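Student: Here it is: the structure, laid out below.
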Amino acid sequence: MIGCKGWLALLSAFVRLSDADAVEPQPVATHAPANVELRDQYDSPQRLTFPATNLVVLTIADKTGAEQVDSWIAAIKPRYAGRVEICGLADVRGVPAFLRGKVRKKFQQTRQYPVMMDWSGDICAKFKFQPGVVNLFLIARDGSIVGRWTGTATPAAVSELSASLDRAFDSMAASEVRPAASTR
């Protein structure tokens, strides 16, 4: 009989194998899906729809990439909070159905803000998600993807994201910018 630690080790190995299977390079997505609805770690529905009220910064990460999310958010939140929607999407396709409750509970313990849980991996695939690193997308109000960054939030990468956000805001008329209801 396998104990809890044994199941977690098995799950960790299974997720790593699933991540390794999906490493093939893929073309870059140019447009976000128009209407995404997934449940978060609290089992509440979360929506990502386009056209949107404002710009969207979307992070997508698997177990490995999740470690890189917070540094990106910490770098942009002070300057852009309230002006962009910041959303999180977790690639949890490798989690067996019988362990989903435990994974949700772990997310609840480590993430206070809602994170959409993609159990099938279908939505992550539509974004051409790269496993093993965080994927950060800057999405215009019409759903077009205007920027993508992967991996660690280096000063150069954060500067590039900030410049892209500033350009996107500059291209929008002042009357078009509305306060965002960011969840982070």
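Student: Return the residues of the range 152-175 that are surrounded by 15 or more Cβ atoms within 10 Å (Cβ to Cβ), over 17 Å from C87 (Cα atoms) and either of a type in the set (G, A, S) or touching a His at 6+ places or on another chain (Cβ under 8 Å) (or both); say none if nothing qualifies.
Tutor: The answer is A157, S164, A168.
Student: Identify the residue in the range 107-131 that is at pLDDT below 95 and among the hydroxyl-bearing types (S, T, Y) and, among all such residues, is surrounded by the fewest Cβ atoms within 10 Å (Cβ to Cβ).
Tutor: T110
Student: Within the set of pairs 6 or more residues apart or between chains, which connect a residue that is within 13 Å of A52 (Cβ to Cβ) inside the range 160-181 to a residue that is at pLDDT below 85 with Cβ atoms less than 9 Å apart?
Tutor: none
Student: Just one of L99, L89, L17 is more than 18 Å from the chain's Cα centre (by Cα) and either surrounded by 12 or more Cβ atoms within 10 Å (Cβ to Cβ) or modelled with pLDDT of 95 or more (or both); which is it?
Tutor: On the way: L89 fails: more than 18 Å from the chain's Cα centre (by Cα); L17 fails: either surrounded by 12 or more Cβ atoms within 10 Å (Cβ to Cβ) or modelled with pLDDT of 95 or more (or both).
It is L99.
Student: On to the next question. Do you know which of the residues in the range 62-107 that are of a type in the set (S, T, Y) and in a helix (DSSP H, G or I) is nearest to F127 (Cα to Cα)?
Tutor: Of the range 62-107, the ones of a type in the set (S, T, Y) are 64, 71, 80.
Keeping just the survivors that are in a helix (DSSP H, G or I) gives 71, 80.
Values: S71: 21, Y80: 23 Å.
The selected residue is S71.
Student: Test V57 against the criterion of being at pLDDT 65 or above and under 13 Å from the mean Cα position of the chain (by Cα), and give yes or no.
Tutor: yes
The values are calculated or read from the model by the stated rules, or taken from the named source; none is laboratory data. This structure is a prediction, so every number in the text was calculated from the model and none was measured. All Cβ positions, glycine included, derive from the backbone under ideal geometry; neighbour counts span all protein chains shown.
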